[in-house]
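All remarks here apply to the structure that follows.
The values are calculated or read from the model by the stated rules, or taken from the named source; none is laboratory data. Note that the coordinates shown come from a computational prediction; the quantities given were computed from them, not determined experimentally. Cβ placement follows ideal geometry from the backbone for every residue including glycine, while neighbour counts extend to all protein chains displayed.
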Amino acid sequence: MLRAGLLAGLMLAATPAHAFVAYVSNEKSNTVSVIDTDSWTVTKTIKVGQRPRGIEFTRDGKFVMVAVGDDDTIQVIDAKAQAIVDTLPSGPDPELFTQDAAGKTLYVANENDNTVTVIDLEKRARLGDIQVGVEPEGMTISPDGKTLINTSETTNMAHFIDTSSRQIVANVLVDPRPRFAEFKHDSSELWVSSEIGGTVSVIDPGKHEVIGKVTFEIPGLRKEAIQPVGIGMTKDDKTAFVALGPANRIAVVDTATRKVTKYLLVGQRVWHMAFTPDEKYLLTTNGVSNDVSVIDVAAQKVIKTIQVGELPWGITIAP
Amino acid sequence: MSSITTREVPRGFSFQEYMTCLTGIVWREGLRFLHQRERFVSALVRPLVWLFIFAAGFRQVLGISIIPPYETYILYEVFIAPGLVAMIQLFNGMQSSLSMVYDREMGNMRTLLVSPLPRGFLLFCKLLAGTAVSLLQVYAFLIIAWFWDITPPPIGYLTVLPALILSGLMLGSLGMLISSGIKQLENFAGVMNFVIFPMFFASSALYPLWRVQEGSPYLYYVCQANPFTHAVELIRFALYGQINWISLAVVGACTIVFMVGAIFAYDPSRGLARRGPAGGEG
């Protein structure tokens with residue numbers, strides 16, 4: 001802790017970081033808030049379709065894609081003009097999506113249709129659908145691009161999908177209501193959060209087996225209040241940050257021991273998160289308190305909280 | 001007490017003589033404090049009990065608000081730390097006033113008051129000495145609190161110093177003003193009941209004022225008018241490198257009023273202090 005404190009002191013003394021731009025989808029106010037990471041203020045609010053949730057930059061950093069569930073489409077925002085310029089053909093009620101490393105193919109989880117839609121990002125055309133479990137949500141792709149992971153909230157499974165054949169090759173049962181999936185950067189482990197189960201399952205992607213579980217315990221909080229959702233993994237794969245929903249905390253997890261080392265207090269119902277590209281800061285969306293908390297990653301300290309629109313859900317930061 | 005104050009206060013002392021007097025009084029107070037280990041320990045244990053035990057049960061009291069000067073959500077422990085710092089100074093201020101009563105009862109005060117230097121200066125030295133002692137206690141507490149994850153920015157430990165000196169002087173002079181009216185040591189329990197507790201609880205030390213306002217608007221006004229609230233807020237902002245101007249003005253003004261009042265009250269030729277057998281020298 002002493003070292004962390006000293007580090008924080010040094011970082012305060014250092015020159016200000018390069019400014020990045022973060023886009024936050026506000027599920028209830030149907031807007032996207034643009035945050036400048038230098039001044040930590042909302043610089044623009046963009047009106048989008050109904051119920052925006054999943055949000056991500058294209059790999060080239062030129063566009064922001066946002067899934068507007070109640071409009072059954074994905075809108076494309078030009079990052080320069082900060083205005084909607086196009087839409088992508090998803091299935092009904094798109095929630096979360098992921099893209100391959102090259103940024104050519106987009107995979108969208110359609111919550112109400114039990115399918116994953118495959119979209120060609122260059123042609124902006126729909127390539128096909130993959131049938132998955134009930135209420136698909138969590139989406140991630142393996143670093144080598146060969147395996148797509150989808151978690152289905154009601155089936156309680158992580159589906160392993162071969163991206164070339166677009167067929168499910170394995171299903172791994174996890175704790176109730178899996179919300180989010182994240183690979184380690186070295187592909188050795190897949191982490192899946194279970195909202196109702198209150199755990200994060202660690203899966204061996206080669207064997208398709210749960211090899212460990214991360215559990216959470218916060219003194220003074222009921223077990224039901226701890227609902228793991230978003231997961232953020234540092235580039236060195238040593239530390240994972242897990243958003244605990246209504247527990248209003250981010251758990252800092254040592255990935256080697258799979259034990260929580262610290263809980264950081266953020267706003268209410270913390271949902272998803274995104275690192276700045278330099279990995280100096282981690283931004284979390286706090287749905288009920290309508291704000292975004294900024295975590296100093298090295299010091300493991302919450303340094304600021306910024307007011308955004310109603311029910312902030314997803315967040316993405318320009319590469 | 002009257003027997004020692006019959007001659008006029010001579011004028012024209014050199015700066016060095018003033019300093020000799022100041023260091024003498026501060027040194028005595030410091031020695032007295034260091035020799036009373038129990039006092040040091042109890043001065044630390046009191047806020048730590050609040051921090052470790054009381055705070056654990058009151059975590060929900062802050063709700064979901066972000067209260068300036070904080071820029072994000074904080075745990076209750078972090079919120080009450082400045083309040084506990086002010087509590088240390090409050091108790092210390094009252095304790096040095098207690099020692100004034102003791103000195104008077106025991107006759108030690110005669111030694112102090114026979115000094116040819118102006119009485120106002122002597123009392124001011126006494127106040128400074130008490131404040132210096134409170135600073136030792138506060139920084140010891142802040143170091144322990146740091147390990148309890150109460151980690152204000154490093155610069156805050158420096159910027160809080162002037163705020164601590166000012167609030168220490170205010171609470172010390174208030175104690176001195178009160179002690180001038182206390183005849184006997186036993187009456188100190190009354191000070192506890194009528195001064196320390198109401199001041200501490202009707203302030204922003206333990207709960208944010210908007211919470212108090214929710215419960216009772218009248219109590220909110222009482223808290224607003226309580227100088228201790230402003231001492232707490234002054235310390236809170238200073239600990240995070242900021243200045244709360246209103247609190248600074250209130251604490252500054254109260255310090256002047258209490259100090260002038262104390263000097264006036266301790267002047268037997270005009271004073272409010274009742275002279276009688278309890279004075280020890282009467």
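Just a few scattered comments:
- Of all residues in segment A:298-319, those satisfying the criterion of being within 14 Å of another protein chain (Cβ to nearest Cβ), aliphatic (A, V, I, L, M) and touching a Phe, Trp or Tyr at 6+ places or on another chain (Cβ under 9 Å) are A:Val302, A:Ile303, A:Ile306.
- Those residues of segment B:68-125 which are part of a helix (DSSP H, G or I) and among the hydroxyl-bearing types (Ser, Thr, Tyr), in sequence order: B:Tyr76, B:Ser96, B:Ser97, B:Ser99, B:Tyr102, B:Thr111
- The one condition from (1) of a type in the set (S, T, N, Q); (2) over 19 Å from the mean Cα position of the chain (by Cα); (3) part of a strand (DSSP E or B) that A:Ser201 does not meet is (2).
- Every condition in (1) in contact with a helix residue (DSSP H, G or I) (Cβ under 7 Å, 6 or more places away or on another chain); (2) surrounded by fewer than 16 Cβ atoms within 10 Å (Cβ to Cβ); (3) within 14 Å of chain A (Cβ to nearest Cβ) holds for B:Tyr18 except the one numbered (3).
- Residues in segment A:238-278 that are more than 19 Å from A:Thr215 (Cβ to Cβ) and either within 12 Å of chain B (Cβ to nearest Cβ) or over 16 Å from the mean Cα position of the chain (by Cα) (or both): A:Lys238, A:Leu265, A:Val266, A:Gly267, A:Gln268, A:Arg269, A:Asp278.
- Residues satisfying the criterion are absent from segment B:186-199 (criterion: in contact (Cβ under 8 Å) with a residue 60 or more places away in the chain and surrounded by 22 or more Cβ atoms within 10 Å (Cβ to Cβ)).
- Screening segment A:205-239 for residues that are among the aliphatic types (A, V, I, L, M) and in contact with a Ser or Thr (Cβ under 7 Å, 6 or more places away or on another chain) and picking the one that is farthest from A:Ile161 (Cα to Cα) gives A:Val214.
- Residues of segment B:126-161 that are among the β-branched types (Val, Ile, Thr), within 14 Å of chain A (Cβ to nearest Cβ) and part of a helix (DSSP H, G or I): B:Ile143, B:Ile144, B:Thr159.
- Some residue of segment A:244-252 being in a strand (DSSP E or B), at pLDDT 95 or above, surrounded by fewer than 23 Cβ atoms within 10 Å (Cβ to Cβ) and of a type in the set (Val, Ile, Thr): yes
- Within segment A:286-319, the residues that satisfy the criterion of being farther than 21 Å from A:Glu224 by Cβ and of a type in the set (S, T, N, Q) are A:Asn290, A:Ser293, A:Gln300, A:Thr305, A:Gln307, A:Thr316.
- All of (1) out of contact with any Lys or Arg (no Cβ under 7 Å at 6 or more places or on another chain); (2) away from chain B (no Cβ under 13 Å); (3) surrounded by fewer than 24 Cβ atoms within 10 Å (Cβ to Cβ) hold for A:Gly230 with one exception: (3).
- Selection status of A:Val64, closer than 18 Å to A:Asn26 by Cβ, within 16 Å of the chain's Cα centre (by Cα) and assigned to a strand (DSSP E or B): yes
- Some residue of segment A:186-199 being surrounded by fewer than 21 Cβ atoms within 10 Å (Cβ to Cβ), hydrophobic (A, V, I, L, M, F, W, C) and over 23 Å from A:Ala102 (Cα atoms): yes
- Here A:Gly267 clears all of (1) touching a residue at least 60 places away in the same chain (Cβ under 8 Å); (2) within 19 Å of A:Thr37 (Cβ to Cβ); (3) in a loop (DSSP other than H, G, I, E, B) except the condition numbered (1).
- The single condition among (1) touching a residue at least 24 places away in the same chain (Cβ under 8 Å); (2) within 13 Å of another protein chain (Cβ to nearest Cβ); (3) in a helix (DSSP H, G or I) that B:Ala56 does not meet is (1).
Residue-wise test of (1) within 14 Å of another protein chain (Cβ to nearest Cβ); (2) at pLDDT below 95; (3) out of contact with any Leu (no Cβ under 8 Å at 6 or more places or on another chain).
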site: A:Arg3; (1), (2), (3): yes, yes, yes
site: A:Gly9; (1), (2), (3): yes, yes, yes
site: A:Ser29; (1), (2), (3): no, no, no
site: A:Asp38; (1), (2), (3): no, yes, yes
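- Qualifying residue in segment A:279-297 (condition: surrounded by fewer than 20 Cβ atoms within 10 Å (Cβ to Cβ), under 16 Å from the mean Cα position of the chain (by Cα), more than 14 Å from chain B (Cβ to nearest Cβ) and closer than 19 Å to A:Phe183 by Cα): yes
- Looking only at residues of segment A:157-174 that are buried (at least 20 other Cβ atoms within 10 Å of the Cβ) and over 24 Å from A:Leu127 (Cβ atoms), we find that the one that is farthest from the chain's Cα centre (by Cα) is A:Val172.
- Meets criteria (more than 14 Å from chain A (Cβ to nearest Cβ), touching a residue at least 60 places away in the same chain (Cβ under 8 Å), of a type in the set (Gly, Ala, Ser) and buried (at least 17 other Cβ atoms within 10 Å of the Cβ)) for B:Ser167: yes
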